[in-house]
Amino acid sequence: MDGRTAILSKIRASLKTSPADDDRRAAVATRLAQPPRGIIPARGQLPAKERVALFRAMAEKYNATTEHIHGLAAVPAIVSAYLKGNNLPAAIRIGTDPRLATAPWASQATLEIRHGASDGQDLAAVSHAFGAVAETGTLAVLSGPDNPVTLNFLPEHHIVVVNAEEIAGDMENIWARLRVLKGSAMPRTVNFITGPSRSADIEQTLLLGAHGPRALHIVIVGTAAD
């Protein structure tokens with residue numbers, strides 16, 4: 001018996017369990033297969049159009065800016081206009097997200113597009129959210145090559161695209177959809193982002209960009225369906 005096995009055996013003995021504890025294993029398997037749902041707040045349980053409106057109102061309450069477009073084809077022009085409007089260089093960092101890849105980036109001839117994780121030198125990045133929570137104005141962004149997690153924290157300006165139909169009323173709905181789509185192959189991290197980074201630790205003075213982007217711009221694409 002090696003040291004690791006000896007230690008685990010002692011822990012099992014102290015807990016009065018054994019590796020062959022079928023009831024315990026069955027309980028764990030059931031919990032994973034049928035996760036319980038907590039109390040769902042009524043605030044976000046709205047028709048699709050009102051749900052999107054609530055999401056925008058809450059996101060803007062927490063210092064994000066938002067706009068609504070009909071399709072992904074308009075994203076490159078929207079990004080270019082945002083950069084120009086904020087006196088930023090015409091350059092962005094972006095991952096390999098297949099949804100963003102379908103946008104006609106070549107239509108913006110002066111826009112420089114850098115791919116992959118941020119090296120900390122980027123002023124602006126574009127991500128695509130997995131979904132959003134209407135009741136709190138929160139984005140859910142999954143880590144991975146499609147949307148590198150560094151894009152959420154290092155650039156000063158973060159532009160996030162989210163499909164209107166993927167704006168849920170509550171966070172529980174986001175987790176349920178993630179379990180269905182990903183199963184046991186969960187992403188390394190799920191970042192829930194509400195507004196730009198901010199802190200009021202020093203004399204209760206609000207400071208944007210304390211731990212990440214100082215500006216968050218959300219682009220809502222399409223129409224939500226009930």
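The values are calculated or read from the model by the stated rules, or taken from the named source; none is laboratory data. Please read all numbers here as calculations on a predicted model, not as lab measurements. Neighbour counts are summed over all protein chains in view; Cβ atoms, including those assigned to glycine, are modelled from backbone coordinates with ideal geometry.
Which residues, counting only those in segment 99-112, are under 22 Å from the mean Cα position of the chain (by Cα) and either of a type in the set (Phe, Trp, Tyr) or surrounded by 16 or more Cβ atoms within 10 Å (Cβ to Cβ) (or both)? If you could, list the steps in order and put the result at the bottom.
Just the residues of segment 99-112 that are under 22 Å from the mean Cα position of the chain (by Cα), to begin with: 99-103.
Leu100, Ala103, listed by residue number.
Looking only at segment 179-194, how many residues end up being farther than 25 Å from Val79 by Cα and either in a loop (DSSP other than H, G, I, E, B) or in contact (Cβ under 8 Å) with a residue 12 or more places away in the chain (or both)?
Taking segment 179-194 as the starting set, the residues that turn out to be farther than 25 Å from Val79 by Cα are 179-189.
Still in the list and also either in a loop (DSSP other than H, G, I, E, B) or in contact (Cβ under 8 Å) with a residue 12 or more places away in the chain (or both): 179, 183-189.
Residues that pass the stated criteria total 8.
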*Quick check: anything in segment 84-98 touching an Asp or Glu at 6+ places or on another chain (Cβ under 8 Å), loosely packed, with under 11 Cβ neighbours inside 10 Å and of a type outside the set (Phe, Trp, Tyr)?*
yes
*Of the conditions (1) within 30 Å of Ile39 (Cβ to Cβ); (2) in contact with a strand residue (DSSP E or B) (Cβ under 7 Å, 6 or more places away or on another chain); (3) part of a helix (DSSP H, G or I), Arg99 fails just one. Which one is it?*
(1)
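Conditions tested, residue by residue: (1) part of a helix (DSSP H, G or I); (2) under 25 Å from Thr102 (Cα atoms); (3) among the hydroxyl-bearing types (Ser, Thr, Tyr).
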| site | (1), (2), (3) |
| --- | --- |
| Arg4 | yes, no, no |
| Arg24 | yes, no, no |
| Leu46 | no, no, no |
| Ala73 | yes, yes, no |
| Tyr82 | yes, yes, yes |
*So how many residues does segment 48-71 have that are among the small types (Gly, Ala, Ser) and in a helix (DSSP H, G or I)?*
4
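For every residue, the table says whether it meets (1) under 12 Å from the mean Cα position of the chain (by Cα); (2) closer than 22 Å to Ala77 by Cβ; (3) without any contact (Cβ under 8 Å) to a residue 12 or more places away in the chain.
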| site | (1), (2), (3) |
| --- | --- |
| Arg114 | no, yes, no |
| Phe130 | yes, no, no |
| Glu135 | no, no, no |
| Val149 | yes, no, no |
| His157 | no, yes, no |
| Val161 | yes, yes, no |
| Arg177 | no, no, no |
_Filter result (touching a Phe, Trp or Tyr at 6+ places or on another chain (Cβ under 8 Å) and either modelled with pLDDT under 95 or in a strand (DSSP E or B) (or both)) within segment 102-115_ = Ile113
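Residue-by-condition table, conditions (1) surrounded by fewer than 15 Cβ atoms within 10 Å (Cβ to Cβ); (2) at pLDDT 95 or above; (3) hydrophobic (A, V, I, L, M, F, W, C):
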residue: Val79; (1), (2), (3): no, yes, yes
residue: Tyr82; (1), (2), (3): no, yes, no
residue: Gly131; (1), (2), (3): no, yes, no
residue: Thr138; (1), (2), (3): no, yes, no
residue: Pro145; (1), (2), (3): yes, no, no
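Of all residues in segment 148-178, which are assigned to a helix (DSSP H, G or I) and within 19 Å of Arg214 (Cα to Cα)? It would help to see each step written out before you state the result.
If we filter segment 148-178 for residues that are assigned to a helix (DSSP H, G or I), which is where we start, we get 149-152, 164-166, 171-178.
Across segment 148-178, the qualifying residues are Val149, Thr150, Leu151, Asn152.
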*For Gly3, which of the numbered conditions (1) surrounded by 10 or more Cβ atoms within 10 Å (Cβ to Cβ); (2) free of Cβ contacts under 8 Å to residues at least 60 places away in the same chain fails to hold?*
(1)
